[in-house]
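Okay, so here's the structure we're looking at.
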Amino acid sequence: MIFSSVTFLFYFLPLFFMLYYVAPGLTTKNVVLLLASLIFYLWGEPWFVAILILIIVLNYAIALALDRSDGWRRTAWTTAGITANLLGLGVFKYLDFVVQNLAGLFGKGVINIGFLGFLPLGISFISFHAISYLVDIKRGKVAANKDPLQVAVYLLMFPQLVAGPIVRYNTIFLRLATRRSTMGRASAGVRIFIIGLAQKVLIADETARIAEVVFDRVVAPSFLESWLGVSAYTLQIYFDFMGYSNMAIGLALALGMRFPRNFRLPYESRSVTEFWRRWNMSLSAWFRDYVYIPLGGNRGSNFRTYLNLGAVFLLCGLWHGANWTFLVWGTHHGFFLIIERAGLSRWLKAASPIVSSLYALLAVMTGWVWFRARDLSRATEMFSAMAGFNGFSSLDFLTRIVLYPTTVGALVIGAALAVLWVPRLKIAPVPTWLSDTAATAALFALSILSVAAGSYSPFLYFRF
């Protein structure tokens, strides 16, 4: 079940909200939220729910033991908890990748290792949530929660289960025990949810058609085709992921919670360093606070700082998927952050905003080639095409099969929303609330028409 499906929008969500709002008391509301989250999970991954429950029970028990300990025992419990969470992530997400690469290295061919290669829904985000919970207890930022229901709700609540944003326990624990739902918050949450839905189905899903044809169906794309495909994917992943984040933020607000903002016009950045302050901000902050700073951050020599940056982005790439393309993508971004810290950032600040913005956008777009390509071979083919080695060509082929008014319109509107400041239109004497309501209703109607036509697709971050 995905947020942009008929099942979720017209059956699951209305029934959930009806039960949630009529439920008396916060404990009952938490029970409704937990049961709804389990149903949401069972709908897509019924075979892995036992593993999910085991993760919750394990982290609940370790947190209590950690909270009661001191000295070396406190460190030992923290280490045990982090190891357990990473072990589960490693077995399901990376063991198959390691085994197949070792088999290929030693000429053994493909090895069948059964259930491995099947990734439990949301395990990457659940693991990161659990690790931040345990580490924050170790650092004394929060106390272990003795209520297993609240811990289960934190780790499992469906708005952020599948694709984030990464919500740290220390930012939400008060809302697990005391929260209030109001009509104002519900209304604002619904509006944010609808904006996210429109970003997903009206822009991301339409631009995805172009990216899919260029990356997966055109054997030798030309210069124009390759750059159009990369541009389409640049918009697709932005509006797909931001759309999901906004839908999750909107749902949380309607429930009386507050999730962190995850995007802040990242394609307007003037450096790759700035890009990572604006893109997937919850993930960037997580790696900064739980990996980069513990490694030493920038407190040591320049060389040590560069090593720390490289290690963080190598891990960031690996977190996104068990594929060499993701490792190269992480290395790609790590390289740019290192050279910017080494001195390029001073030049970028002195350069024209157009030049520095173009540099950052090209660095990010070329990185998306590694991220989207099915393997390293296809990525190098795309770079060859982008360099013009397959000829300049025309767009006749794409025009025949994918460049329709809806896809072209999504490209143009998406580009404008991604890199330009779009002012709010004041239509006097129409009140702001009325114009906002009308715009939200129009977006919802268009999104529902798209969903009803069966043109929606799973969110990209579902597979990470």
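What about residue 285, is it in a helix (DSSP H, G or I), among the small types (Gly, Ala, Ser), in contact with a helix residue (DSSP H, G or I) (Cβ under 8 Å, 6 or more places away or on another chain) and not assigned by TED's automatic domain parsing to the domain that holds residue 23?
Spelling it out, it is not the case that residue 285 is in a helix (DSSP H, G or I), among the small types (Gly, Ala, Ser), in contact with a helix residue (DSSP H, G or I) (Cβ under 8 Å, 6 or more places away or on another chain) and not assigned by TED's automatic domain parsing to the domain that holds residue 23.
Specify the residue that is surrounded by the most Cβ atoms within 10 Å (Cβ to Cβ); the eligible residues are those in the range 166-181 that are among the hydroxyl-bearing types (Ser, Thr, Tyr) and not in a loop (DSSP other than H, G, I, E, B). Reasoning before the result, please.
Taking the range 166-181 and keeping what is among the hydroxyl-bearing types (Ser, Thr, Tyr), we get 169, 171, 178, 181.
Now narrow it down to the ones that are not in a loop (DSSP other than H, G, I, E, B): 169, 171.
Values: 169: 24, 171: 16.
Among those residues, the one meeting the criterion is 169.
So, in the range 371-420, how many residues would count as being under 20 Å from residue 203 (Cβ atoms) and within 24 Å of the chain's Cα centre (by Cα)?
14
Any residue in the range 130-151 that is at pLDDT below 85, crowded, with 19+ Cβ neighbours inside 10 Å and not charged (D, E, K, R)? Don't jump to the end; show me each part of the working.
Going residue by residue through the range 130-151, those that are at pLDDT below 85 are none.
No, that holds for no residue.
Looking at the range 396-414, which of the residues that are touching a helix residue (DSSP H, G or I) at 6+ places or on another chain (Cβ under 9 Å) and not aliphatic (A, V, I, L, M) is surrounded by the most Cβ atoms within 10 Å (Cβ to Cβ)?
414
Is the range 382-392 home to any residue that is within 19 Å of residue 250 (Cβ to Cβ) and either small (Gly, Ala, Ser) or modelled with pLDDT of 80 or more (or both)? Break it down into steps so the answer makes sense when it comes.
Start the filter on the range 382-392 by keeping residues that are within 19 Å of residue 250 (Cβ to Cβ), which leaves none.
No, because not a single residue in the range 382-392 is within 19 Å of residue 250 (Cβ to Cβ) and either small (Gly, Ala, Ser) or modelled with pLDDT of 80 or more (or both).
The values are calculated or read from the model by the stated rules, or taken from the named source; none is laboratory data. If you're wondering where the values come from, they're calculated on a predicted model, not measured in any experiment. Every residue, glycine as well, gets a Cβ built from its backbone with ideal geometry; the counts of neighbours run over all protein chains shown.
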